[in-house]
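Below is one structure, written out as structure tokens; comments come after it.
FYI, it's all coordinate maths here, none of it is from the lab. Please read these numbers as outputs of a predicted model, since none were measured by experiment. Using ideal geometry, Cβ is built from the backbone for each residue, glycine included, and neighbour counts are taken over all protein chains shown.
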Amino acid sequence: MSMGGALGKFIAADAEVGLAVKVYHRVNLALLGATPVALATDNTFLSFPVDMGLAIMFPLHGHIGMNYVITDYVPKLFSKAAVGPARAVMVGVTGFTMLGLTKLNVEGPGITGTLKALWRKE
């Protein structure tokens, strides 16, 4: 697979339906398992690897799902020509989300530490 092919499949994540559905469902299942593990591991050796996995899986799950939304609704609301730019914006959103969550994991309390802080008393 060439880099253009892989990049093209990422940009139009719903274009190759069989692959997109398979990845989407596998990430969904991984999130079902990883999210409770993340919440159960509080400052243990598992916290960082689980948080890093979540930093990739949450944005990837959203990216594939939003590409289905883009395919269905952008042509109806704007035009078929707006699908490409909408997908480019989605790649940017996904990339910035992954970078932000990674920075939170590396330099901050991590994804789970941040979520748990919502319920901690000051």
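Below is a table of values for the structure above.
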quantity	calculated
Loop-exposed chymotrypsin sites (Phe, Trp or Tyr not before Pro) per DSSP, neighbour cap 13 Cβ within 10 angstrom, longest uninterrupted part of the chain	1-44
Computed helical MRE - 222 nm, the chain, DSSP H runs ≥ 4 contributing -39500 (n - 2.57), nearest 500	-27000 deg cm²/dmol
Gain upon complete extension [residue 48, residue 6; 0.36 nm per residue less C-alpha separation]	12.3 nm
Positive-end residue, the chain charge dipole about Cα centroid, Cβ charges, pick of 81, 18, 36	81
Nonlocal Lys pairs with alpha-carbon distance under 29 Å, segment 3-117 (8 or more apart, or different chains)	8
Gained length - residue 89 relative to residue 104, 0.36 nm times residue gap less alpha-carbon distance	3.2 nm
Cα gyration tensor category, rounded, prolate or oblate, for the chain with a/c compared to 1.5	prolate
Loop trypsin sites (Lys or Arg not before Pro), segment 26-122 (other Cβ atoms within 10 Å of the site Cβ: 15 or fewer; DSSP)	120, 121
Point-to-point label distance, residue 76-residue 28, nm (Cα→Cβ direction, 7 Å offset)	2.0
